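Structure in structure tokens, see below.
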Amino acid sequence: FSSDCSSTEESPLKCSAASTAVPSSSTFTVPSPEVSESMMASVTSQAELEKLIRVIASNPALTAVQKTTTIQGLRDSVWKSNRRQNEDKVAPVTMPVAVGSTTQTAQQQMNLPATATRASATTATRCRRMTPPSSYYKKNAEGKVELVWSNDSPSSKFQPGVMSTIPLFSASELAPTYHDGATGCVLGCPHYARACKLRHPSSGRLYTCRLCCEQEREMPMKDHDSPLDRYAVTEVLCMRCGALQPAGDKCVNSKCESHGKPYAKYNCKICNFYDDGQNKQIYHCPFCNVCRSGQGLGIDYRHCMRCNACVSLADDEHHCIPQRLQGSCPVCHESMFESTEPLRGLKCGHVMHLSCFNMYIRGSYTCPLCKKSVDDMKEYFSLLDAAVRMQPMPVAYSSTVSNIYCQDCGQTGQVKYHFVGCKCPSCGSYNTRELGRVQETIQPPTG
């Protein structure tokens with residue numbers, strides 16, 4: 001079976017360049033102006049960042065997935081920290097507080113230095129969505145893409161009514177992500193290699209792919225966003241220049257360093273799917289309406305209309321089951337139609353994830369849905385035949401007969417009872433169910 005175009009990797013390990021702890025008490029200590037100035041002026045250089053990455057990459061206690069996730073979190077934190085340092089200084093917060101007939105600011109009432117106020121204001125707005133993209137492109141009434149706003153053109157920055165239409169994002173949303181966390185040369189995410197981010201059609205947030213959105217939804221203490229509908233995506237963000245633009249195969253910003261180059265080698269305008277993976281073959285199935293791994297229909301796959309699934313042309317023993325992929329995996333109960341994990345078809349025709357099959361087969365050889373044998377079990381049944389011959393039943397059970405039902409061929413019959421198993425007289429399978437036991441009556445000899 002053809003699955004979706006990548007495998008999902010997830011690691012709960014995250015790394016941050018700086019962490020902020022909130023004290024449980026209502027009182028706190030404000031750092032001195034000298035300390036605050038040094039903290040605000042510190043910018044992590046590229047050499048320091050590479051030194052931290054080498055330390056993480058050489059840690060033998062971390063797996064490859066954990067190293068990639070940790071390095072990506074480190075890059076994200078450093079990028080946000082350096083961006084805050086390079087921004088203009090935040091003005092002191094002026095919150096009028098009425099005291100008698102006079103009005104004081106919150107800074108004057110608390111007698112806090114201006115540097116401490118700027119630091120607290122920056123920390124408070126760290127995760128807020130208040131940063132516009134570098135430029136914003138939209139389609140006009142004629143369907144042509146035109147520049148609406150850019151931070152390089154002051155004339156358009158202050159046009160009346162324009163700023164209210166510019167979408168705002170957080171620093172983490174605008175930060176570029178990388179497919180190879182250790183080297184940082186390939187843009188993308190742990191799931192796909194691509195040079196753009198998708199804008200959520202409902203919330204307006206930026207995600208590198210729909211699987212990244214799913215991971216964000218599963219993380220605790222996060223704003224649970226709705227699932228990202230890739231068919232409804234209309235805007236993407238170029239991670240090379242930071243321009244927000246209508247969804248397409250390449251960046252329309254003429255000042256982008258990769259102007260004219262596609263975001264990825266493969267681009268589907270129906271699914272809004274981008275993938276720049278090496279040696280990966282992808283095709284769009286118009287019947288499944290999703291992009292799947294493979295060379296294409298008629299080349300190495302065909303679409304079974306009854307099963308509503310793409311089946312390999314090399315599968316000569318295909319058993320049709322209507323809408324077989326529309327349900328959930330019988331082991332993990334997750335959806336299989338858009339699953340990115342490889343699927344395993346059973347002999348009976350049912351399907352499950354390959355990883356679930358490898359785990360399930362350790363304890364059972366029957367399908368969890370129809371109870372038929374999942375594969376050809378002749379070798380296993382021959383071992384059971386040898387066990388029956390080597391272990392004869394006691395005299396008390398020598399005349400016991402079992403009424404059985406074979407779950408492989410569907411036939412019923414009577415066989416000699418044995419505690420190892422009851423063999424079907426029709427197909428020779430031990431995948432039988434005992435319906436009852438009776439004592440065989442032996443007729444005495446006549447004459």
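Yes or no: segment 262-277 includes at least one residue that is more than 21 Å from residue 340 (Cβ to Cβ) and over 19 Å from the mean Cα position of the chain (by Cα).
yes
Check whether at least one residue in segment 337-359 is acidic (Asp, Glu), without any contact (Cβ under 8 Å) to a residue 12 or more places away in the chain and closer than 30 Å to residue 380 by Cα, and report yes or no.
No.
Still on this structure: Please identify the pairs in which a residue from segment 127-141 that is closer than 12 Å to residue 246 by Cα has its Cβ atom under 6 Å from the Cβ atom of a residue that is assigned to a loop (DSSP other than H, G, I, E, B) and open to solvent by 30 Å² or more (accessible area, probe 1.4 Å), counting only partners at least 6 apart or on another chain.
Close Cβ pairs (under 6 Å, with a partner that is assigned to a loop (DSSP other than H, G, I, E, B) and open to solvent by 30 Å² or more (accessible area, probe 1.4 Å)) amount to 137/252.
Give the residue that is most open to solvent (accessible area, probe 1.4 Å), with candidates limited to residues of segment 354-368 that are more than 11 Å from residue 341 (Cβ to Cβ) and of a type in the set (S, T, N, Q).
Looking at residues that are more than 11 Å from residue 341 (Cβ to Cβ) and of a type in the set (S, T, N, Q), I get 358.
Specify which of the listed residues (389, 324) is out of contact with any strand residue (DSSP E or B) (no Cβ under 9 Å at 6 or more places or on another chain), free of Cβ contacts under 8 Å to residues at least 40 places away in the same chain and among the basic types (Lys, Arg).
Answer to the selection: 389.
So, in segment 323-334, how many residues would count as being within 18 Å of residue 285 (Cα to Cα) and surrounded by fewer than 19 Cβ atoms within 10 Å (Cβ to Cβ)?
The total comes to 2.
Is it true that residue 304 is surrounded by 14 or more Cβ atoms within 10 Å (Cβ to Cβ) and over 24 Å from the mean Cα position of the chain (by Cα)?
yes
Mind counting the residues in segment 174-225 that are open to solvent by less than 30 Å² (accessible area, probe 1.4 Å) and either among the basic types (Lys, Arg) or free of Cβ contacts under 8 Å to residues at least 12 places away in the same chain (or both)?
Number of matching residues: 2.
Restricting to segment 413-431, name every residue that is open to solvent by 30 Å² or more (accessible area, probe 1.4 Å), outside any loop (DSSP other than H, G, I, E, B) and not charged (D, E, K, R).
Across segment 413-431, the qualifying residue is only 414.
Check whether at least one residue in segment 386-393 is in contact with a Leu (Cβ under 8 Å, 6 or more places away or on another chain) and surrounded by 14 or more Cβ atoms within 10 Å (Cβ to Cβ), and report yes or no.
The answer is no; no qualifying residue exists.
Which condition number does residue 402 fail, the rest of (1) among the small types (Gly, Ala, Ser); (2) in a strand (DSSP E or B); (3) open to solvent by 30 Å² or more (accessible area, probe 1.4 Å) being met?
Failed condition: (3).
May I ask you to list the residues in segment 292-351 that are polar (S, T, N, Q) and within 27 Å of residue 362 (Cα to Cα)?
Residues satisfying the conditions are 312, 326, 328, 335, 339, 340.
Turning to a different aspect of this structure: Please go through segment 369-385 and give me each residue that is among the polar types (S, T, N, Q) and open to solvent by less than 30 Å² (accessible area, probe 1.4 Å), ordered by number.
373
Yes or no: residue 278 open to solvent by 20 Å² or more (accessible area, probe 1.4 Å), touching an Asp or Glu at 6+ places or on another chain (Cβ under 8 Å) and at pLDDT below 90?
no
Restricting to segment 348-368, give me the number of residues that are closer than 17 Å to residue 432 by Cα and either touching a Leu at 6+ places or on another chain (Cβ under 9 Å) or among the charged types (D, E, K, R) (or both).
Selection size over segment 348-368: 2.
Working only within segment 228-265, note down all residues that are open to solvent by 50 Å² or more (accessible area, probe 1.4 Å) and touching an Asp or Glu at 6+ places or on another chain (Cβ under 7 Å).
Matches in segment 228-265: 240, 262, 265.
Something else: Can you tell me which residue among 318, 284 is within 24 Å of the chain's Cα centre (by Cα) and closer than 20 Å to residue 336 by Cβ?
From the options 318, 284, the qualifying one is 284.
Do any residues in segment 365-380 that are part of a loop (DSSP other than H, G, I, E, B) have Cβ atoms under 9 Å from those of residues that are among the basic types (Lys, Arg) and open to solvent by 90 Å² or more (accessible area, probe 1.4 Å), where the two are at least six apart or on different chains, and which pairs are they?
367/347; 371/433; 372/347; 374/347; 375/347; 376/347
The values are calculated or read from the model by the stated rules, or taken from the named source; none is laboratory data. As the structure is a prediction and not an experimental result, all values here were calculated from the model. Here Cβ is always computed from backbone atoms with ideal geometry, including for glycine, and neighbour counts include all displayed protein chains. Just the protein is used for accessible areas: all its heavy atoms, side chains included, with ligands, DNA and RNA removed. Shrake-Rupley method; radii C 1.70, N 1.55, O 1.52, S 1.80 Å.
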